Structures are given as C-alpha cells and as structure tokens.
Amino acid sequence: MNAMKRFVTGVAALSLGAALAACGGGVGTPTAGPTADPGVEGTDSQPVTLNYWGWKKGTADQVKLFNETHKDVQIKYTEVKGGVDALNGLRNAASAGNAPDLQQGTQDWMVPLVSEKVAADVTPWLSPSKDKFRESAYKASQVNDHNYVIPTEQAPQFFVYQKPIYDAANLEAPKTMNEFVDQGKVLAAESRKITNMAGEDPSTLVNWAWQAGAQWYKADGDTWKINFLEKATMEAADATQKLIDEDAISTQTFADYAAVQQMYDKGNTATRHIWTWSTNGMVSNFKESFGNWAAAPVPEFSTGGKANVSPIGGIFVTEQSKSKKAAAEAAVWLATEKESVAIAADPIKGASSFPVIADSDSYVSTMLPEKLFGANHDEAVKVAIEASKNIAPDWTYGPNYTAMYTELADGWAKVITKQQKVTDMLKHMQEWTINDLKKKGINAADGSV
C-alpha cells in the first residue's frame, strides 16, 4: 500500500473535528457548479467564472478586489455558514455533482476530502509560489508531499494575562508549564482562576499535547501507530491534572460566550492561551480591563521547548471544478496578494487572520487591538511575531479524528468533574482509537510499546 493510501484508506464519510474555532449553525447547499474547462483561459467577452463558497469575514471584499483586477477570470462568491456545516454542505454538493470550484476550509478537512475525491491535488499550481508562503503553512497543506489546500491563514498561539493581577501577586509571566501550574495555586488562594477549561471541550489538553510534541496518530507503512501515552502527552496530562486537583481553573461552558469573556474582563480568570483572532472577541465583550492585558510566549513544556500550536485555514479546489488551474491560481492570489492579505488580517474589515505569507510581520500590529493591550501593545506584537516562527510540526489529524474527539469529549467531562483522572482517560483513548480504526477496516497498532 503506497503512502497516499495509508493516509486515506477507510476514511470515506468520516468528518474531522475543526481545529480552528469556526461558527456553526445550519446551512443549505447553494446551487453552483464548475463552469469552464481546465486550463482554458477566459477572454474579455467570456471570462472563466469560479464559484467560491466561504464564511470568513472580509472574504467578499477580497473577491471584489480580485474581480476588479482580473478580466479573464472572475469569482462568484457565496457566503455559507462555517465549520462542520460548511464541510457537510460541500459533501452534499459534491454528491449531487454541484461542488463549487473553490471552498474555504481548514487543515483537518484534508484527509477525508482527499479520500472522498472532493479535494483536488493543487501541487502543480501551488508549488511555483512556494517561496511566497511560510514553510510551516506550506508543509501543513500537504499529504505525502502533495498539496491539497492553498493555505490562507495560520493561528500561532501565545499567552496573555492581566498584568495588574500578576503584579499584585508578585508574579511574572510563566516561562514553563511547571511555573504556570504553581501560579494556578497562588491565584486559587486569592479566589481567582488561572484559565478556563470548558467541561464539554478537551481542546486545551489536545493543544497542550500538540505543543509538547505529541503525535497521537503516526503513519507507518500501511498502518496507523496510535500513541496517547508518550512522554509529551503525559507531561501535558500532568499539568492539566494538577490544575484540576488544585481547583485552579474555571469550567465555564463556551456555550455562554459572554459569561466566559466576563470572567476574563473582571479578572476572575486571569490568563489565556490565545490566537490573534481571539483578541477581537475580548475587545467586543470587555468593559473594565482595557489596557490591563500583556502578552508573553506560551509557557514551555520540557518536551516541546518554544513550540506552539497553529493549524491552518485555506482554500480547497474541488475535483469537480472544470477550471482547476484558474481556481488554484486565483486562490494563491487571494492568499498572497498584499491588499488581499491586508483585508483578511484587518480586525474590522476582516477576521484578524494571521497571514501565511513569508513576510507577515508588518500585519501583526494591526491584528492586535491596542485597546486591549494599551502600553503593552508593542511587546504583544513582538510576542505574536515570535510565536509565528515557533510553530510545532508533525501534528497529524488521523482518519477517525472526529469519532476520537467525540469519545475524548465524553471522557473529558468526567475529568473536569473529577470522576476520573486524565491518565485514565488517555489509557481508554489509546485502546478505543485502535479498536475504532480496526472496526473501520483501517490498519492500526499500539505505538506506545
């Protein structure tokens, strides 16, 4: 079995959980479809028309800019609801033979969309522009050295904290996760929580394991090696368990977004591991703590060093497109052209999307709201730029990731309510994930031995 098959075997009809937070909600499937033959160049009278579905704020303005500057190719943009709804809408359209030429999406869609023959191989049209992209983003767009998504944004993670609270407690930004855990105890003694871990959402543990260098899924020949028990995951689990045991965390559900933000604003919860785009949600919901926030690198795990997590967002070209070349080249333009990048990165016109272009530093100051950081803004910009250069590699979304994540969430609810330990949950996930893959006809083995 070749390397491509080992990534895609048995994953048809599987839906991977989104790593980038995206808005949900129901969505119908717009009526659209491919419009021109591959490689056929448009003319002034008959331009190639590309159908593009997406949801990110600012995308319509990017498309307008493209259309104003191109004659032979035009984009028809249709806004849809994001996240899983967008993925399922694309699948429904592909099944009906009406897939768009271009679809906004996220890195974790790649394996299932390749296996379902929905996502096209865009390597011939993306590789000539390789030098325009950050190496980390370019590699994240690949399966077996072939590119299946044009990356448009990253999400390097960094640490923010209420500086007056830290100053009053004689604390400094933690450099290690051990320091972070110890600070949780100090803040708990003052009736504050150091961070929030929602009971329905195990993403903190996932991100910390990724940051620490874990590889829960690893392809080895024609077999998936599963390892929830390696040293990196155990270090993340230990930090998580200690914070839970010390009652150092809040467990506010993300379903009440305003309540979560209010906890941060009032200083009841003092820190966050965060992305650039998340800072705008803070500004939109805060009333009291403007100017109090400072930024620092994420606290380090001994196994992960300075690494932080950063999935990518991007644009897929569909197999049903009759204009793959034009579609891929248009997506590269949207991802790399200076004015288009500026729109996506803008916190008002766009979504504070961190650019994937090789030289993205100049956009960061705009993405981070001065209102939030006040006198700490310049330092926050430096921290975010440095974070973008230290993205942890080698995280793989395995072929049953969504089913795994659902099972993990069930166990996580028991962890948060102290009904079981993190390590017990991980031992269960090790066995469960291997068995689930085998039930789906996918070769799987224990990678922890």
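Every number here is computed from the coordinates shown, using simple stated rules; none is lab data. Because the structure is predicted, anything quoted here is derived from the model rather than measured. Virtual Cβ from ideal backbone geometry, glycine too; neighbours counted across all protein chains shown.
A few points about this structure:
- Using a Förster distance of 35 Å, the FRET efficiency for K266-T406 (Cβ separation, nearest 0.05): 0.60
- At the listed q of 0.12 Å⁻¹, the Debye profile of segment 91-158, built from one uniform point per Cα, gives log10 I(q)/I(0) equal to -0.33.
- Principal-axis tilt of helix 401-416 within the chain, Cα atoms, nearest 10 degrees: 20 degrees
- Per the Cα gyration tensor, segment 386-449 maps to an equivalent ellipsoid with semi-axes of 22, 20, 11 Å, ordered largest to smallest.
- Ascending count of other beta-carbon atoms within 10 Å, so fewest first, for F254, F180: F254, F180
- Listed residue pairs exceeding 24 Å between alpha carbons, taken from K132/K389; K218/K438; K81/K132; K64/K338; K193/K231; K76/K324: K81/K132; K193/K231
- Convex hull of Cα atoms in segment 164-239, direction-averaged projection (nm²): 6.4 nm²
- Cα-based shape type of the chain, given that a ≥ b ≥ c are square roots of the gyration tensor eigenvalues and the cut on a/c is 1.5: oblate
- Residue (of V73, G83, A99) at the positive-pole extreme of the chain, dipole from beta-carbon charges: A99
- Using only Cα coordinates, the Kirkwood hydrodynamic radius of segment 40-190 works out to 19.1 Å.
- Additional length obtainable on full extension of the chain from A96 to S284, 0.36 nm per residue less Cα span: 63.7 nm
- Stretched out straight at 0.36 nm per residue, the stretch from S448 to K371 would grow longer than its current Cα-Cα span by 23.0 nm.
- Each of T279, T195, T49, T417 was scored by other Cβ atoms within 10 Å of its Cβ. Arranged with the fewest first, they read T417, T49, T195, T279.
- Measuring nothing but alpha carbons in segment 128-182 and taking Rh as the Kirkwood radius, the Rg to Rh ratio lands at 1.28.
- Candidate aspartates and glutamates - alpha carbon under 17 Å from K225, same-chain residues fewer than 8 apart omitted: D394, E431, D436, D446
- Calculated diffusion of segment 221-337, Stokes-Einstein form, Kirkwood radius summed over Cα pairs, 20 °C and 1.002 mPa s, µm²/s: 114 µm²/s
- Cα extents of segment 318-401 along the three principal axes, largest first (Å): 52, 33, 21
- DSSP bridge pairs, the chain: antiparallel proportion in percent, nearest 5: 60 percent
- Shape call, segment 271-354: gyration tensor on alpha carbons, a/c limit 1.5: oblate
- Fewest-first sequence of R272, R91 by Cβ atoms within 10 Å of each Cβ: R91, R272
- For K130, a cut-off of 17 angstrom between C-alpha atoms picks up these aspartates and glutamates, skipping any fewer than 8 places away in its own chain: D121, D145, E153, E329, E337, D359.
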